[in-house]
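Step one of this worksheet: look at the structure below.
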Amino acid sequence: MKFEIMRERLVEGLNDVMKAVSSKTTIPILTGIKMDVSAEGMRLTGSDSDITIQTFIPAEEDGKQIIRVIEGGSIVLQAKVFGEIIRKLPTNEVEIEITGNFQTHIRSGKSEFHLIGLDAMDYPQLPDIQDDRLFTIPADLLKTIIRETVFAVSSSETRPVLTGVHWEVKDGELVCVATDSHRLARRKTKLETLPEGEYSVVIPGKSLTELNKILDDNSEAVEIVMTNQQVLFKSKHILFFSRLLEGNYPDTSRLIPSEHKTTVTVNGRSLLQAIDRASLLAREERNNVVRFSATSGSDVEVSSNSPEVGKVEEQLQAQSIEGEELKISFSAKFMMDALKAIDGQDVVIQFTGAMRPFILKSALDDSILQLILPVRTY
Amino acid sequence: MHPATTGRSNLSKNKREEPCAPLFFMYIRTGRMFSLFIERSSYGKLEENDDGAIPMASRVIFHIDMNSFYASVEQSHNPDLKGKAIAIAGNPQERRGIIVTCSYEARAHGIYTTMQVHEAKRKYPSLILLPPNFDRYRIASKAMFDILRSYTGLVEPVSIDEGYLDVTDLAVERHAVDIAREIQTRILSELDLPCSIGIAPNKFLAKTASDMKKPQGITILRKRDIGEKLWPLPVIEMHGVGESTASKLNGLAIKTIGDLALANPGLIKEKMGKNGVRLQARANGIDDRAVDPDSIYDTKSVGTSTTLPVDETEEENLRVIILSLCEKVANRLEAKELAGPTVTIQTRSSDWQNRTRSITLKNTVWKAEDINRTAWQLFTKHWNGEALRLVGVTVSNVADKGELTEQLSLFNFQEHAKEEPILDLMSKLESRFGKRVLVKGAKEAKLKRSTTGSETSFSKDFLDDHERK
């Protein structure tokens, strides 16, 4: 194998696949990155066996040569060392040549490295996924969906299925739900390309977080293929495979209250800032609790009190307050996460009681729903 | 020995540098008559610094230490036991057989606290062994602290049989030694119990002083005395230094308290951390902790442990034992209206390997089932099947339930929602009539209950007898 490549393109590709490589892997060869070179271009693969990322660098793009392939072939190189070397090479042209016994020579300018590679035959095969049943979502929308839900997954392994986001495709709609049992985020999206059949999978939160990092913020379509054990996201040059979580995701639809006793409409940004200020006096050991009350008039009050630190009270003009008086305590952190996800001008908050979940929606559309369980104070 | 001689030994050494010492000396020998005359001139200088300046916050602290408390209480209940070698011990049949405390007469025969019962019996076969009677000790303790509180509100109980007093304000009117003498006499005549009192400008020195003469001693320890009285002692003798700290210090070639006082502060900080810095300050007679009457209310953890009748390897038996420990802890938390987020499990294997494992939860726990669920999870995660001779469960970082919060979850909010109507009503009444106008029935009953579901010698539950003012 022998080829020359533009250094910056190789760095970009490595950055993407490195996101899947973990130093903690139990399979030694997975600390490496696989490189396959053919006349069409180069494929880079990185994996921690939960996530596998493959990126393709074409030999030629828009009439411009990126790789000059002299001889094709495959090799696995230690991800960390290889990545660092490429990043620090002196010129933008890199020549890589494999000689006998997986000896790898990397040349750039007057610098020459000799790396010991591993046999690409020992690298695990990519999951075999039939892509005849797929649907597509524009990359920027996909990123938004991930951002609006993934923060609500559980960080505790006590119920592993809750560390993932539940993706359900039904009636031309994708419904994504994440909950750590203390709050819940739900996002509904109308699909433009109708998939064949229905799907219900749980994607690890960590996978989605990584996917969000490597997708470009543009409207190019991402193809999504779901199987029983794997999900594949396919963009122009990237294949992103993720293992799915096993186990039944709890039915959350019946947990979302449909009747409300108090409805408050308020500017989301002002409320976010008020909660942020009040949280300065909320303590983590006490679940970051802040109080919210809508008792009379058109103002709501946000307050917090830590006996040994101090207290804060703030009035906030609401657009409207309907229904019964209400006093409720909740985690400032959960509230801020939810408000950031909605990111709209006005939010509608619907309460059913001080010990019951309440929901937040954008005043403009119904696609996002955030649910928060209150904090009980004694 | 008459306590006055202690005073003399303290003071006579300072004769040359302390012009008032002879008067002080005379006072102690002759009783109270000179007390008013002397107090300003001699005791006022107790706080003098090396440079001769008198600090603004010069304080007079007593440390009262009851002498072999449990044994003394038994002797006062049954005067036939007076003058005899007696010891309080757990039940030897269940291997809880260690001496909890013993009388001075028993100590003279080589008996000491923590000694195994069978060993003690071998050493002195006529030793009288008594089972502990915690109710008696609690009553005596309360009476003792009541006497202390008749002098000042600044009483800080440390355990069932010791406490600090800040008598700075009283020592303006009367001589500190006079007050100490009166306290000691009252405890002896009213309760028939001996105690030792240390008098010093801070807690550390007061505690050190009360230890210097037992029983029935009164010892003054001034900052300037430490070079002579404290520094020659090995570090292990210092309060706050245990075996492991002592061996660490010895590893730094620090053998005596004086070595520690004069050691390079940078070295101490680097090798021993914050605790080292604190210990070095103490070795230099510096301790700025205030006497805090409320510190007893700051319970930080509630735990219990048990030594098993046999080295246990059966998971099922351990499950039952841990559950019963959790129930005990839950009862005590309930009695104190406390809850905490951290659950710790302790084990001691048959070869005396001690282990603790803990986990901190999102919400605080106080119910037996919640504590047990976490404790059992922790236990099964870390237990490798080895034989255990002791297991314990602790809930820590506890706080008043009134200060606590519980993050509700999708799976439990319904239980809480059931209480909404009553909580609503309470909040409405509170906003009309003020906070605490209503306390829920069950809670009220608990507040009144003074007894606490605990029967261990090391427990601080006796402190519940001290009512918060």
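The table below lists the values:
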quantity: Flag if residue A:301 is acidic (Asp, Glu), surrounded by fewer than 21 Cβ atoms within 10 Å (Cβ to Cβ), within 14 Å of chain B (Cβ to nearest Cβ) and free of Cβ contacts under 8 Å to residues at least 60 places away in the same chain; calculated: yes
quantity: Residue check for residue B:284: closer than 30 Å to residue B:384 by Cα, out of contact with any strand residue (DSSP E or B) (no Cβ under 7 Å at 6 or more places or on another chain) and in contact (Cβ under 8 Å) with a residue 24 or more places away in the chain; calculated: no
quantity: Cβ-Cβ under 8 Å pairs, at least 6 apart or on other chains, region B:65-90 side at negative phi, far side aromatic (Phe, Trp, Tyr); calculated: B:67/B:104; B:69/B:137; B:70/B:137; B:73/B:137; B:85/B:124; B:88/B:70
quantity: Residues of region A:343-360 classified as within 14 Å of chain B (Cβ to nearest Cβ) and not small (Gly, Ala, Ser), total; calculated: 7
quantity: Qualifying residues in region A:39-73 (those that are among the small types (Gly, Ala, Ser) and within 19 Å of residue A:241 (Cβ to Cβ)) - the one modelled with the lowest pLDDT; calculated: A:49
quantity: Residues of region B:265-292 satisfying the condition of being touching a helix residue (DSSP H, G or I) at 6+ places or on another chain (Cβ under 9 Å), assigned to a loop (DSSP other than H, G, I, E, B) and not aliphatic (A, V, I, L, M); calculated: B:284, B:285, B:287, B:288, B:289
quantity: Considering residues of region A:88-124 that are out of contact with any Ser or Thr (no Cβ under 9 Å at 6 or more places or on another chain) and part of a strand (DSSP E or B) only, the residue farthest from residue A:11 (Cα to Cα); calculated: A:99
quantity: Residues located in region B:151-174, provided they are within 8 Å of the chain's Cα centre (by Cα) and polar (S, T, N, Q); calculated: B:159
quantity: Condition met for residue B:259 (loosely packed, with under 15 Cβ neighbours inside 10 Å and touching a residue at least 24 places away in the same chain (Cβ under 8 Å)); calculated: no
quantity: Which listed residue is in contact (Cβ under 8 Å) with a residue 40 or more places away in the chain, closer than 21 Å to residue A:141 by Cβ and surrounded by 21 or more Cβ atoms within 10 Å (Cβ to Cβ), from A:219, A:242; calculated: A:242
quantity: Some residue of region A:121-139 being among the polar types (S, T, N, Q), over 30 Å from the mean Cα position of the chain (by Cα) and either surrounded by 12 or more Cβ atoms within 10 Å (Cβ to Cβ) or in the same structural domain as residue A:29 (by the TED database) (or both); calculated: no
quantity: Boolean, residue A:258 is free of Cβ contacts under 8 Å to residues at least 12 places away in the same chain, small (Gly, Ala, Ser), more than 14 Å from chain B (Cβ to nearest Cβ) and within 20 Å of residue A:357 (Cα to Cα); calculated: yes
quantity: Residue within region A:356-370 that is without any contact (Cβ under 8 Å) to a residue 24 or more places away in the chain, out of contact with any Lys or Arg (no Cβ under 6 Å at 6 or more places or on another chain) and not in a strand (DSSP E or B) present; calculated: yes
quantity: Filter result for the condition that a residue is of a type in the set (D, E, K, R), modelled with pLDDT of 90 or more and more than 23 Å from residue A:373 (Cβ to Cβ), over A:192, A:220; calculated: A:220
quantity: Only listed residue being among the polar types (S, T, N, Q) and more than 14 Å from chain A (Cβ to nearest Cβ), chosen from B:347, B:405; calculated: B:347
quantity: Condition check for residue B:295: within 26 Å of residue B:395 (Cβ to Cβ), touching a residue at least 12 places away in the same chain (Cβ under 8 Å) and of a type in the set (Gly, Ala, Ser); calculated: yes
quantity: Those residues of region B:382-404 which are among the basic types (Lys, Arg) and within 20 Å of residue B:320 (Cβ to Cβ), in sequence order; calculated: B:389
quantity: Members of region A:178-193 found to be surrounded by 21 or more Cβ atoms within 10 Å (Cβ to Cβ), part of a strand (DSSP E or B) and in contact with a strand residue (DSSP E or B) (Cβ under 7 Å, 6 or more places away or on another chain), listed by number; calculated: A:178, A:183, A:184, A:185, A:186, A:187
quantity: Index of the failed condition, residue B:417 passing every other in (1) in contact (Cβ under 8 Å) with a residue 12 or more places away in the chain; (2) closer than 25 Å to residue A:354 by Cα; calculated: (1)
quantity: Some residue of region A:264-277 being surrounded by 16 or more Cβ atoms within 10 Å (Cβ to Cβ) and within 14 Å of chain B (Cβ to nearest Cβ); calculated: no
quantity: When residues of region A:150-177 are limited to those that are in a helix (DSSP H, G or I) and among the hydrophobic types (A, V, I, L, M, F, W, C), the one nearest to residue A:360 (Cα to Cα); calculated: A:152
quantity: Condition check for residue A:93: in the same structural domain as residue A:52 (by the TED database), touching a strand residue (DSSP E or B) at 6+ places or on another chain (Cβ under 8 Å), of a type in the set (D, E, K, R) and crowded, with 16+ Cβ neighbours inside 10 Å; calculated: no
quantity: Only one of A:79, A:178, A:152, A:120 that is of a type outside the set (D, E, K, R), in contact with a Lys or Arg (Cβ under 9 Å, 6 or more places away or on another chain) and away from chain B (no Cβ under 14 Å); calculated: A:120
quantity: Filter result for the condition that a residue is within 23 Å of residue A:107 (Cα to Cα), surrounded by 15 or more Cβ atoms within 10 Å (Cβ to Cβ) and not charged (D, E, K, R), over A:30, A:14; calculated: A:14
quantity: Answer from A:79, A:20 - the residue that is in contact with a helix residue (DSSP H, G or I) (Cβ under 8 Å, 6 or more places away or on another chain), surrounded by 20 or more Cβ atoms within 10 Å (Cβ to Cβ) and closer than 19 Å to residue A:235 by Cβ; calculated: A:20
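One line per residue, one yes/no per condition, for (1) closer than 17 Å to residue A:78 by Cα; (2) in a loop (DSSP other than H, G, I, E, B):
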residue: A:8; (1), (2): no, no
residue: A:16; (1), (2): yes, no
residue: A:23; (1), (2): yes, yes
residue: A:29; (1), (2): yes, no
residue: A:36; (1), (2): yes, no
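Per-residue answers, yes or no, for (1) part of a helix (DSSP H, G or I); (2) outside the structural domain of residue B:306 (by TED's automatic domain parsing); (3) among the basic types (Lys, Arg):
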{"site": "B:317", "(1), (2), (3)": "yes, no, no"}
{"site": "B:325", "(1), (2), (3)": "yes, no, no"}
{"site": "B:328", "(1), (2), (3)": "yes, no, yes"}
{"site": "B:341", "(1), (2), (3)": "no, no, no"}
{"site": "B:344", "(1), (2), (3)": "no, no, no"}
{"site": "B:356", "(1), (2), (3)": "no, no, no"}
{"site": "B:362", "(1), (2), (3)": "no, no, yes"}
{"site": "B:395", "(1), (2), (3)": "no, no, no"}
{"site": "B:414", "(1), (2), (3)": "yes, yes, no"}
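The values are calculated or read from the model by the stated rules, or taken from the named source; none is laboratory data. For clarity, every value in this text was computed on a predicted model and none was experimentally measured. Positions of Cβ are backbone-derived with ideal geometry, glycine not excepted, and every protein chain shown enters the neighbour counts.
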